[in-house]
Amino acid sequence: MLGYLIDSALKYKLLVITLFLVIAAFGFKAYKEIPVDAFPDITPKQVVIYTESPGNSAEDIEKLITYPIESAVSGMAGVKLIMSNSIFGLSYVSIFFEDDMDIYFLRQLVSERLGSVAIPSGWGKPLLGPNTTGLGQVFWYELKDTTNTYSLREIREMQEYIVTPLFKSVSGVEEVVGWGGFLKQYNVLIDTKKLQNIGVTYQDIIDALQKSNKAAGGQYLEFNREQYLIRGAGLYKSLDDIRHTVIKSGKGHSVTIGDVASVEVGSAPRFGSISIDGKEAVLGMVLQRTATNAAKVVDRLKEKLSTVESALPEGVVIRTIYDRTEITLKAVDTMTAALISGIILVAIVLFLFLFELRSAFIVIISLPLSLLIAFLLMDYYGVSANLMSLSGLAIAVGMIVDGTIVIVENSFRKLHENPTKPKVEVIAQAAKEVATPVTFAVLIIAAVFIPLLSLDGLAGKLYGPMALNIVFVMLGSLGVALILVPVLSVLLLKPSSSKENFVMKGIKKIYTPFLLFALGHAKLVLASVSVVFVVLAYILSLQGREFMPELNEESIMYRVIAIPGTGLEHSTKTAGDVEKYILKNYANEVSSVLSMIGRSENGETAQANYMEVLLTLKPDIEDLPALTRKMNKDLKQAFTFINFVPTQPISMRIEELLEGVKAELAIKIYGDDQKVLDSISKDIQAVLGSVDGLEEMEVETQLGQAQIKIEPDYLALARYGISVEEVMNVIRNGLGEEQVSEKIEGVRRFGIVAKIKGAKNDIESVKAITIRASNGSLVSLDQICTIEIRQGASFIKRENLSRYMVLSMDVQGRDIASFVEESDALIKEKVNIPDGYYIGWAGDFKNMKAATDKLMVIIPITIFFIILLLYTAFNSLSKSMLILLNVPFGFIGGIIALVVSGIYLSVSAIIGFLAIFAIAILNGIVLVSFIDELREKFPNVALKIVLKDATLLRLRPVLMTAFTTLFGILPLLYATGVGSEIQYPLSVVITGGIISSTLLTLLILPSTYLLFYEKNHDAGVKGK
Amino acid sequence: MNKLIVLMSVLGLCLHAIEIPTQHASSQAFGKSVAINSQVIQLSNASQSVMSLVSGHIEKYYVKAGEKIKKGDKIVLLESIAISKMTAEFISQKKQLSSVNKNYKALQNLYKKGMTSLQSLNKQSIQKDELLAKLSALKSQLKTLNINTDGLRKATSNFIIYAHSDGVVAKILQPLHSGVGVDTPIISLVKEQAYYLKSFLPLAYASKVKVGQKLTIDLDGKIIVSHVTQILPKVDVQTQRIVLLSSVDEKTDLLYINAYIASTLYFDDAKNYVAVRTSALSFYKNEWVVFLPKEEAHEEEHDEHEGHGHDEHEEVGHDEHEEEEAKYEIRVVKIVAQDEKFIGVEGLREGEEYVSAKSYYVKSMLLKSSLGGHGH
């Protein structure tokens, strides 16, 4: 079949060339159009339901909102996990689905289920979160008034009603989140002491407000043959309209709102604020829709900027704070640079080995062509160009040329050997000879990376695109090698003496004695290498592990956490102090500091004690890691009362996606009662304190929010004739500032709230709130309610319908797996966990373990598959095993490199080992197939001599493939830009692996071959 | 070793961290006042009587029934023996005093010349002082009866009673030329503007309120004082509050009948409690606490910030350990009284030093170890 393919290609040369030109053109187009992003979309298939329930406590929200929602959505098809967080004023339920489901379909399913959820009226309405990814915040800006004429409230109004609609109209934008400043509302400030004076109740006032402010349509009348529409325009137009709203009418006069309350413009209670460089500010955040191109969305936003700015009043501008394209471009640049320098290095290596321009040209031309085919496939399958997928290409650069090298080299040799035969025939012959091993080699390389595709979760999302791209580019290279290369060889190659150049001569001179020694002492060499491998494998098992190396985003960001229950205004002040401190002490490095305090008005679960501080750095900072370390230390010293956790914008989002646990290792304690959970966590802490390797242990406190609990005393209510609802309305509307009506100004809507004057001065003033019953009874709140201060939950987290608590730990200097084993046993033995409570291990470690576990199953299957491929190629099981034996030899170098450079064993490093696997097998195939060929040709020569000659003859292609792969990967090893650190472990392992694999292949494979076949072969020789 | 470094750094950073102010607990009076609602009313029977201050004989009425009078107007002329006695005595003593004065001056001259003894001079001086004292006592007695002694040349039995407030003469109570004793009502006077405050006091204060307690209202910055004159036996049915009456003596245009005004009632039985500043209070583990600095704090610094050392103490009796080793002691207190700036507490002795403000930071440091790295 392959032969037919080659023959046809050679028959229709022009067609083939045209075909590849077209492919190249489309590939280039695809390259230009592929979505570019810094990072692959690692967000799980997730639908978020958030329910704003202003003013309500975590406990009530859990009971009345979160639980009904959770029960409604549980048991849906494809649900993997349901997590929820109930905090003050917000219920947040996140449903994780199987990755292969369609997000729009899921959203529809979820909203259908939501229809059946019964939430008490007045407790909010569940909404689906924006359809964006975890990394969807592509563009942050400050809405800045350069003239100092507008108040924060006015600027926020501009954000909501000028900027947001304009940005939302940009294609690919899912949501624009406004944050900071104040939201305008109209306060009706009721003086409850006056309720006695004019004989109305609080409820009367609310009813009055709700009954006014109405519009109506009165159809039409016909007059003089024309139609006149009738409309009743009763909406509030001015504050005086509100003041003149009638509450109660008497004889000839009415009691109006103005009699009991003052009406003024105020600000709605807020849950978050923004501080920039020590001053409060207004921030906007643009969320990108799922499966859109971040870079393009940002480009379109920037195009829109001028329109937005012209719509804003003079002096108000949009200042970009964070732009995802910057890091995207940096990351893509890093990878593109690695790719290009890889290509150049490979070209140089090829030329040095071949010393012949024509063949070198053919090989090099196959590089960009294979890449363009890969881009075409990426475009087709919707793989975005990002750090991970591009690095797949960079890794493969050296391997792309392998197939081409083999075919060109063989053609070249054959041409030299048969100068008289027609060129087409010779080349067809040569290509067919090697077509099968080349195809199998490429298929094996692709097969080696396929296990990565089967990974799910974060690992799968991160490394899947990389594996996919390697497969794409290898398939591309196979197509080029089998179809285009023979055609190009016919057109370009000229029979010439393949004189060995000085490079090869030198290498051979050094290599021969070693080979002879190895062949002479086959057993000894094999045994000693095996021992070395076993020792190294043991060392590897001791190596520290991590899921993913830390991404360097060239930025500094902190999560800042104050004690639970900290007030927003205090947090805002603290953030301002932190900002001023940084600006003062790092004036040379930091140009601006932004703090996001609490949460924006919709859909996040941060509380007022939580801040995110993002630094805008000045360009050309020399040593960012050192600066980060120094700053961490300084801040911790200067602000002892808060916790600083250094992070970076993208890393932070990734951390948040790690099942809500960012620590490397954590125990989740599940159960109902937070106090019991608390005591279990204390017991566990006491037990684990003595376990070796534990550096630090932290409990996430869920308690700590002080609450003023107002519990109605039913007997007292009966005494005064006041209903519970009235009391709750006073709490909800009078204290909680729930809007009772809306003032509509054009399309802008502002809430009207009936606040109780002076009720929130202190705890005593809450107790002193006066309530008037409809029968005239006048009571203060503490007369009819038990008012107590107590400590409640600041948030309640649940997973799969059970509450849980997180105990995170930091383990140093020992293998986490063994730590977990020991700790788990200790807990089982010593901690008494009551019925209904259980623990589970979580954290980064779990991801790593899940990935490793999965690989443990898939790798053997892959190996079996590879053996099958090898068996098909060689038709011999022992030869397949012989080639597989090469793999451990390759690992030796990988392990040494890893250990020497002190890198943890991460998924990235594991992928390096997989690559070595492929390279080792490739080396083996090239050599073994040639040995076989020689043995067939010279059946009467002693095996040792055949082996020696074959190895020496095959030295050039083996070294060439090895060196191209090595030099292809070298740029990744030395890359320093954004994203380079992720690929660093991988390139270290591969570099070490290639060197050892190649050296050992050239020395040990012949020896092993000798051991495997000596008797057999020599018996055959003697027999003849 | 690692722990030692942490220990030292914690010690170091605590030094130049936030200044935590402290104060000594003092005793303060609480429960002084309560803000209530008052209504301006006018009572129909706000009549008063003008009393006789001395016994005597009614000689003449300057007013007729129904006549409108003003404060200070003449009401009645009395013929009083008591007055005539007093004035006569005043005049005679005044004369005596002038003769004693003359004698004294003469003696003084003699004494200067050495013709009399110091003893006799002193005797004269004592006599003079005695007379002076008697005279001033009489003078003040007469003054309370509105008799000016300066122009008094001869004894008089006439005594005029003046109106002590504005009003209308409702009735003449004593016939002309009749004799009256001390404290006999002579005429009844109805006040034209009898403003009262009807104040509504929650039942909870029933035991504290007494007649005579001060009640103030603030009318556009002008504080008007009144005193509780009556506590009505029935509570207001609608509002279920005790009703207090207090008269407003001061005349003001700002008072409108039936208007409701915020007022403050002052109790006189304020109690003393150990008080801390409101800013000292913190809610910690379901209890109100104040933080007390520890003297030995610098020797034994607890490393709350790092986990390892901490974990060893993470046992059931975790709190006690923390209190023992932390820089601050956590003292649970019970709130017994409070006003704007101070809170009366139980659980703290007078004179004890406590963190008077920024207790938030102290609490932060105590809780920081359990914060974790998660804000969500």
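The values are calculated or read from the model by the stated rules, or taken from the named source; none is laboratory data. It should be emphasised that the depicted structure is a prediction, and the values quoted were computed from it without experimental measurement. Because the Cβ atoms are built from the backbone with ideal geometry, glycine has one as well, and the counts that use them run over all protein chains shown.
Quick look at the values:
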item: Answer from A:GLU737, A:GLU726 - the residue that is crowded, with 17+ Cβ neighbours inside 10 Å, away from chain B (no Cβ under 14 Å) and part of a loop (DSSP other than H, G, I, E, B); result: A:GLU737
item: Qualifying residue in segment A:781-799 (condition: farther than 22 Å from A:THR566 by Cβ, within 14 Å of another protein chain (Cβ to nearest Cβ), not in a helix (DSSP H, G or I) and not acidic (Asp, Glu)); result: yes
item: Strands (runs of 3 or more DSSP E) lying entirely in segment A:543-645 (those with 1 or more residues that are surrounded by fewer than 16 Cβ atoms within 10 Å (Cβ to Cβ), of a type in the set (Gly, Ala, Ser) and in contact with a strand residue (DSSP E or B) (Cβ under 7 Å, 6 or more places away or on another chain)); result: A:590-598
item: Output for segment A:181-231, where each listed residue is basic (Lys, Arg), over 30 Å from B:ILE36 (Cβ atoms) and surrounded by 11 or more Cβ atoms within 10 Å (Cβ to Cβ); result: A:LYS184, A:LYS211, A:LYS214, A:ARG231
item: Conditions (1) among the hydrophobic types (A, V, I, L, M, F, W, C); (2) in a strand (DSSP E or B); (3) away from chain B (no Cβ under 12 Å); (4) in contact with a helix residue (DSSP H, G or I) (Cβ under 9 Å, 6 or more places away or on another chain); number of the one not met by A:ILE744; result: (4)
item: Exclusive hit being at pLDDT 85 or above and within 16 Å of B:LEU145 (Cα to Cα), set B:LYS85, B:LYS102; result: B:LYS85
item: Tally, over segment B:20-58, of residues that are within 12 Å of another protein chain (Cβ to nearest Cβ) and either closer than 30 Å to B:TYR273 by Cβ or modelled with pLDDT under 80 (or both); result: 6
item: Residue that is nearest to the other protein chains (Cβ to nearest Cβ), among those in segment A:800-819 that are more than 30 Å from A:SER74 (Cβ to Cβ) and among the polar types (S, T, N, Q); result: A:GLN812
item: Residue match in segment A:820-841 (condition: within 14 Å of chain B (Cβ to nearest Cβ) and in a strand (DSSP E or B)); result: no
item: Hey, A:LYS743 buried (at least 18 other Cβ atoms within 10 Å of the Cβ), of a type outside the set (Phe, Trp, Tyr), over 41 Å from the mean Cα position of the chain (by Cα) and closer than 24 Å to A:GLN607 by Cβ or not; result: no
item: Residue in segment A:842-862 that is within 14 Å of chain B (Cβ to nearest Cβ), farther than 16 Å from A:GLN685 by Cα, in a helix (DSSP H, G or I) and touching a Lys or Arg at 6+ places or on another chain (Cβ under 6 Å) present; result: no
item: Neighbours by Cβ (under 8 Å, 6+ apart or cross-chain): first from segment A:679-706, more than 8 Å from chain B (Cβ to nearest Cβ); second buried (at least 22 other Cβ atoms within 10 Å of the Cβ) and of a type in the set (Lys, Arg); result: A:GLN702/A:LYS797
item: Count of segment A:31-60 residues which are surrounded by fewer than 22 Cβ atoms within 10 Å (Cβ to Cβ), in a helix (DSSP H, G or I) and modelled with pLDDT of 85 or more; result: 3
item: Hey, B:LEU13 at pLDDT below 50 and touching a helix residue (DSSP H, G or I) at 6+ places or on another chain (Cβ under 7 Å) or not; result: yes
item: Subset of segment A:131-170 (residues that are over 20 Å from A:SER310 (Cα atoms) and either surrounded by 20 or more Cβ atoms within 10 Å (Cβ to Cβ) or polar (S, T, N, Q) (or both)); result: A:ASN131, A:THR132, A:THR133, A:LEU135, A:GLY136, A:GLN137, A:VAL138
item: Residue match in segment A:756-776 (condition: at pLDDT 85 or above, away from every other protein chain (no Cβ under 14 Å) and buried (at least 22 other Cβ atoms within 10 Å of the Cβ)); result: yes
item: Unique match (being at negative phi, more than 14 Å from chain A (Cβ to nearest Cβ) and free of Cβ contacts under 8 Å to residues at least 40 places away in the same chain) among B:VAL168, B:VAL182, B:VAL211; result: B:VAL211
item: Test for A:VAL346: is it buried (at least 16 other Cβ atoms within 10 Å of the Cβ) and under 30 Å from A:LYS573 (Cβ atoms); result: no
item: Flag for A:ILE65 being surrounded by fewer than 20 Cβ atoms within 10 Å (Cβ to Cβ), closer than 24 Å to A:VAL740 by Cα and of a type in the set (A, V, I, L, M, F, W, C); result: no
item: One residue from B:VAL243, B:VAL225 being more than 12 Å from chain A (Cβ to nearest Cβ), at pLDDT 80 or above, surrounded by fewer than 16 Cβ atoms within 10 Å (Cβ to Cβ) and within 25 Å of A:ASP191 (Cα to Cα); result: B:VAL225
item: Residue that is farthest from the other protein chains (Cβ to nearest Cβ), among those in segment A:707-723 that are at pLDDT 85 or above and assigned to a helix (DSSP H, G or I); result: A:TYR714
item: Flag for A:TYR67 being more than 19 Å from the chain's Cα centre (by Cα) and part of a helix (DSSP H, G or I); result: yes
item: Selected residue (criterion: farthest from the chain's Cα centre (by Cα)) from residues of segment A:781-796 that are surrounded by fewer than 20 Cβ atoms within 10 Å (Cβ to Cβ) and hydrophobic (A, V, I, L, M, F, W, C); result: A:ILE787
item: Close pairs (7 angstrom Cβ cut-off, 6 or more residues apart or separate chains): more than 13 Å from A:MET557 (Cα to Cα) in segment A:608-629, hydroxyl-bearing (Ser, Thr, Tyr) and surrounded by fewer than 16 Cβ atoms within 10 Å (Cβ to Cβ) anywhere; result: A:LYS618/A:SER591
